[in-house]
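Inspection log for the structure reproduced underneath, given as structure tokens.
None of the figures in this text is laboratory data; all of them are computed from the coordinates on show. On a predicted model such as this, the values are computed, not experimentally measured, just so you know. As a convention, Cβ positions derive from the backbone with ideal geometry for all residues, glycine included, and neighbour counts pool all protein chains shown.
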Amino acid sequence: MASELTKIEEALRKLQAQSGDSSEVSTAVSTDTRPATRRGSADIGRMTTPETWSPAQLEKRGLLDFFGPERQAANAFRQLRTSLVHRAAESNFVLAVTGVRQGSGTSFVARNLAAAFALDPTKTSVLVDCELGDRTNSRMTPGSGGVRGLTDYLRHEEMRVDQLIQPTGVSRLRVIPAGTLTQGAGELYTSPRMQELLGQLRGRYPDRFTILDVPPVIDNADGRILSELCDYTLLVVPYAGASEARVGRAMDIVGADRLIGTVVNNDPGGQS
Amino acid sequence: MITWEGGEEPIRLMLKEGMRHKWRLVLGFVLICSVGVALGLFWPKSYASSVTVSLQQDNVIDTLMEGRAVRTEVAGPPQSAGDMGLGRSLIERALEERGEIGEDTSPRERDRAISTLAGRTELTQPGENLVTLHYRGSDPKTAQQMANRLGELFVEETLQGRERESDAAFQFIDQQAQRYQERMKGLEAEIEQLRAEHPVAEPGAPARLNERESTLSQQISDLEQQIREAQIREDSLQNRLAQVSGSGPGEVGGGGPAQARLAQLRQELETLRLSYHESYPDIVRLKRQIAQLEQQQGEQGGASSAQASAQGDDQGAAPGPGSNMAQADAGTGDPGGAGAQSYGLAGGGLELRQGVQQSLYETQTNTETLESRLQTVRSQLASVHEDQAALEEVQKQISELERSHAINANIHEDLVSRRENARVSRELGSAERGLTMRVEEPANLPTTPELPRPLHFALAGGVLGAGVPIGLLFLVVMLDPRVRDVAHIPVETGSVLLTTIPHARTRTERRLAPLSVFACVMVVLATVAGLAALMWIMGGYGI
């Protein structure tokens, strides 16, 4: 299944390369069982990508080259994506990716999971960077930091959502940067504007998957608040980085109804 | 704690962790190996050299001197090597000879040096009559020299100790013998003194006293016999006198004296009865006399009573003045005038009466003399009895002292003979020094150091270097509670999605990964090769 997907995706990529443009392929070739709505497909088609990132650029931004040599990791993300789609009741959802502690690799998982969703030509994904202190996601957007983003949007009523979403070098993957505010965003996350934003992101395109890169749920109120705002939460456990007890505590905080899955990240021995 | 139900098997997990920490493992291996080699190189080398000393337990002299001389054993036949040790004085001598300690060495340093040397030596008993002295030193030559010197000193000290012991035994016995001799002298002096204080206790005294006692007893019995005879004679004279007085004019007053005589006799009888039985000869005699007198009185009857009263004074004068005899005392009346009257009246019977009277006086005097002699002899006998009692007492003391003297003399004699044995034993000990104990096998020059040698350290370093990191890895895998596998996520199977995302290597990592593994292998191989080379070199040099 996974290898079949990869072949189709590779074919699509070649097609993109032939057209010399990074614009979307209008005639979607997808294995997704759910047919894209007419409006969604049209929107997807209108999406533009500034420049496709080369494998080196991808690596620099902490993104996997899904067609590169790290097939095990790539396939793990693909399978995770597929499993999530299967598990989710809705056509699209807002997913919080959080960790059991700092340094769990949450941003890496969120970023690549978003990229994995975007691999499907019929789907798009938007990565919302809620990790204010963490600057790794800022490499996803042009310029080096200081880009207006989520916190600016939440503070400034006049800002529009379309001003917020930034294109990336990966097809169908968009990014909402964290913004210029680096701390004390907890109050902003509880504001109705945040809920409104998430509603818009989910509601505007039925094929768009919104993925939030959220701080750890343990020892961080922001993580918990954001987790509660989302449809589902994916818990990232660093390999040999947290005890079972800690993982259990994090799972309790998230709650069984919201927890969609747990991922052991950065396993040195490869996919089991 | 990791449980393996549904999770990865431990070997695979260990391999995974091993790869993850490969550089740490390699570093641990190299470090431990290096420490092993370094320890081996800097570990003080120890060379052992040993001297064997033979102890001759018995030889021809023993057989010859059996029962007479006793050889002092070298602390007895050594039961075990542990029983024996090098004495402190021996070690001190050895150290002083080597100049390691001197007069100016502080006691603490001296103790330390002694205990160090004692720790380097060891005594074992390879055979029944063999003792081996081992010495460990950092230098082969020194080890040999020290072992030899210690062996010699050991023999010397032991023999000296033996001589000392033998000498001490002799001294002791000698002292004891002298003590007993002194005691005997004391007893002898005591006996002498006792004899001097009590002259009665001269030699032959008991026999003499016995003889004297029997002589005196004989004399007493003779005297008593004589007295009895004299009394009988006196009685008969009295009777004669009475008769003489009765037939002539001298006899007129016989009734009065007869009465007095009877009264006197009765009184005497009563007195004797207080002390003696009826069968006592004196009592029998008195009774007979009384009976005779009573009979005489009965015969004279009432006719002569007037005459008897008239002659009473004459009869009373008869005993004469100055007489202390009972009969004379019994007489009453006027002796002066009556005497003249009596002589005048008596006429021819007077002479007879005087003769009888004279004999009576003589007999009475004789009796008195005899009695006086009897008193003297009796007192002499009493004195002899006293002497005998005193002699018995002294004799008892003397015989006690003599008994004690005899016991002491016995012991003294025994000790003197033992002392001679001890003297021979002592001389035997000093004369045959070389025969009983000597260095059988002198120390050899050790060529290879003792274990552990650097080679062993290197080997141990290699084994530990491999084992310790792997063991630690195993412990980490077994005990570390951190999650390494989705199977250990505390959730019911199927309730949530469980995935593992493998490590995504960067381009650099991809390029370096094989190199890294290769480098690890190379480092390990190089270390092993280095170790092997080192061991080979060390083995070749016998290090």
- Message: Please compute, for peptide A:254-263, the average count of beta-carbon atoms on other protein chains lying within 10 Å of each residue's beta-carbon.
- Response: 4
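Could you state, as a whole-number percent, how many of the C-alpha pairs of segment B:362-425 are farther apart than 12 Å?
Details: 1586 of 2016 pairs.
Summing the P(r) tail past 12 Å for segment B:362-425 gives 79 percent.
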- Whichever aspartates and glutamates have a C-alpha closer than 13 Å to that of B:LYS185, once near sequence neighbours (fewer than 8 apart) are set aside: B:GLU402
- Message: Under 19 Å between alpha carbons, and skipping anything fewer than 8 positions from B:LYS16 in its own chain: which aspartates and glutamates qualify?
- Response: A:GLU70, A:ASP267, B:GLU5, B:GLU8, B:ASP480, B:ASP485, B:GLU509
- Message: Around A:VAL97, under 15 Å between beta carbons, what's the net of Lys plus Arg minus Asp minus Glu among the other residues?
- Response: -1
- Added length on full extension, which subtracts the Cα-Cα distance from 0.36 nm per residue, B:ALA189 to B:SER221: 7.2 nm
- Query: Using the Cβ atoms and a cut-off under 11 Å, what net charge is assigned to the surroundings of A:ASP162, where Lys and Arg are +1 and Asp and Glu are -1?
  - Reply: +3
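Quick one: length gained pulling B:SER54 to B:GLU509 fully straight, 0.36 nm per residue minus the C-alpha distance? Don't jump to the answer; show the numbers that get you there.
On the way: separation 455, 0.36 × 455 = 163.80 nm, distance 7.50 nm.
Length gained between B:SER54 and B:GLU509: 156.3 nm.
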- Item | Computed E for B:GLU278/B:ARG179 - FRET, C-beta separation, R0 51 angstrom, nearest 0.05 | 0.15
- Query: Under 18 Å Cα-Cα from B:LYS396, which aspartates and glutamates qualify once same-chain neighbours fewer than 8 residues away are excluded?
  - Reply: B:GLU188, B:GLU190, B:GLU192, B:GLU197, B:GLU202, B:GLU386, B:ASP387
- Message: From the gyration tensor of the Cα coordinates in segment B:483-542, what semi-axes in whole Å does the equivalent ellipsoid have, largest first, with each one equal to sqrt(5λ)?
- Response: 46, 19, 5
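Under a Cβ-Cβ cut-off of 13 Å, what is the net charge of the residues other than B:LYS287 that fall near it, where Lys and Arg count +1 and Asp and Glu count -1? Numbers along the way, then the final one.
Working: positive: B:ARG266, B:ARG273, B:ARG285, B:ARG288; negative: B:ASP235, B:GLU268, B:GLU270, B:GLU278, B:ASP282, B:GLU294.
Result for the neighbourhood of B:LYS287: -2.
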- Within segment B:488-514, whose backbone N sits under 14 Å from a point 7 Å along Cα→Cβ of A:ALA256? B:490-497
- Query: What average count of beta carbons from other chains do you get within 10 Å of the Cβ of residues in A:66-72?
  - Reply: 3
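If each residue's Cβ is checked for other Cβ atoms within 10 Å, how do B:ARG240, B:ARG426 rank with the fewest at the top?
Details: B:ARG240 17, B:ARG426 20.
Least to most surrounded, the residues fall as B:ARG240, B:ARG426.
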- Message: Taking 22 Å as R0, compute the FRET efficiency from the Cβ-Cβ separation of A:THR136 and A:ARG249 and round it to 0.05.
- Response: 0.30
- Note on the structure: From the Cα centre of segment A:230-272 to that of segment A:151-180, the distance in Å is 28
- Given the C-alpha centroids of segment B:434-467 and segment B:159-200, what is the distance between them in whole angstrom? 60
- Message: I want to make sure I understand the PRE zone here: with the label point 7 angstrom from the Cα of B:GLU386 toward its beta carbon, which residues in segment B:187-217 have backbone N atoms less than 14 Å away?
- Response: B:200
